[in-house]
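Structure, as structure tokens:
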Amino acid sequence: MLDNALDPSATSKASINQACNWLARLWADDATEKDHAACLAWRQSAPENEQAWQQVQKLQQRFRALPDPEAGSKLLRQTKSISRRQFLTYASVSTGLGLLATEHFRSNFLSTTDYATNKGEIQKTLLADGTRLFINTSTRVDINFNQQKREIHLHEGEVYIETAPHHLPLTLVSQEGTLRPLGTRFSVRLMDQQARLAVYEGRVEIQPAQSDKTTIIESGLGADFTRFSLIDNHTIDAANMAWTSRKLAVSSMPLVEFIQELSRYRPGKLRVSPEVPSLTVTGIFSLQDTDRILMQLTEILPVKLHFFTPYWVTLLPA
């Protein structure tokens, strides 16, 4: 029962273990071409091996946190003669199986949500009333349409909505408050302890969750608000909705902010070294390939990339 729960696709535990071992071995700083060839030979030796490799690779790309450093320290203290490669291998096995368990429970959790995206995933759909819904990375949305109401519940993440004409009003509900669009195109992004609204057409009424006060935001404007009150309103930049076309469009954005934005779409840890001078980024980048975006940064800015692992990348001065 436990093995099946950890592995929805029925890949054997032994193959998963071996795939984790190979992943750790190839990440080690002393990995050789012979190691890569041996791994490829193992993958090609049985369909089950390739299935396990692809599954572990997919789960590895969804890292949201690094392994507990204390766990690694204890293991090193217990086995003084352990090599870096062995440690990475052992750590990878436990981490890989832990990821499989996490993935299983996360899949079950997301299956209870009408629409959900993983990191880097963008969806678009046409709702039953004709409303067009774009769902950004790491987002969860529930739809509650019936004969009395049309409600969209945004639990986390970001959406862009083009409302359809209907005799029932549409509302978007989040933990920060309720939005009532009036024939409009708008986006909403939930952030840490606040939400950000941008209105591209029509008007949207904001009512914070714990306030009776309402505010109407006109086309071309945006607003940040919490569950208690409106923080501010501001002019919006149409380029901010480029994500609906799977693009990231920025103009003179500080590099640190750009990397924070890119991190929303890229698994693992991405950071800028404090040694990098103040730089800005301008351009349109395809979110289909975040590795390519990182390489483009090295072409247009005096920076270089340091890969501690494929999913732990630091930008350093060139």
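Observations on the model:
- Area of Met295 that stays accessible when all protein chains are in place (1.4 Å probe, Å², to 10): 90
- Convex hull volume per residue in cubic angstrom - Cα atoms of the stretch 165-318: 130
- Packing, as the average of other Cβ atoms within 10 Å across residues, places the peptides 232-238, 200-206 in the order 200-206, 232-238, highest first.
- Phi to ³J(HN,Hα) by Karplus 6.51 cos²θ - 1.76 cosθ + 1.60 over the stretch 189-200, Hz, x for Gly, Pro: 10, 8, 10, 6, 6, 7, 10, 10, 10, 9, 10, 9
- Members of Lys247/Lys269; Lys119/Lys213; Lys34/Lys304; Lys124/Lys247; Lys247/Lys304 lying beyond 26 Å, as alpha-carbon distances in this model show: Lys119/Lys213; Lys34/Lys304
- For the pair Arg227 and Arg203, label points projected 7 Å from Cα toward Cβ lie 2.8 nm apart.
- Cα-based equivalent ellipsoid of the stretch 229-276: semi-axis lengths in Å, sorted from largest, via gyration tensor: 22, 16, 12
- Between amide H atoms placed 1.01 Å from N, distances below 5 Å from Gly177 occur with Ala209, all of them 5 or more places distant or on a separate chain.
- Computed with every protein chain present, the accessible area of His167 is close to 150 Å² [probe 1.4 Å].
- Around the amide H of Leu287, modelled in the peptide plane, lie the amide H atoms of Lys247, Leu248, all under 5 Å away and 5 or more residues distant in sequence or on another chain.
- Each 10 Å bin, from zero up to the one with the longest distance, holds this percent of the alpha carbon pairs of the stretch 179-269: 15, 43, 31, 10, 0.
- Integer Hz, Karplus 6.51/-1.76/1.60 couplings in order for the stretch 118-123, x for Gly and Pro: 8, 4, x, 9, 10, 10
The values are calculated or read from the model by the stated rules, or taken from the named source; none is laboratory data. All values reported here derive from a predicted model rather than from experimental measurement. Using ideal geometry, Cβ is built from the backbone for each residue, glycine included, and neighbour counts are taken over all protein chains shown. Surface accessibility is based on the protein's heavy atoms, side chains included, excluding ligands, DNA and RNA. Shrake-Rupley method; radii C 1.70, N 1.55, O 1.52, S 1.80 Å.
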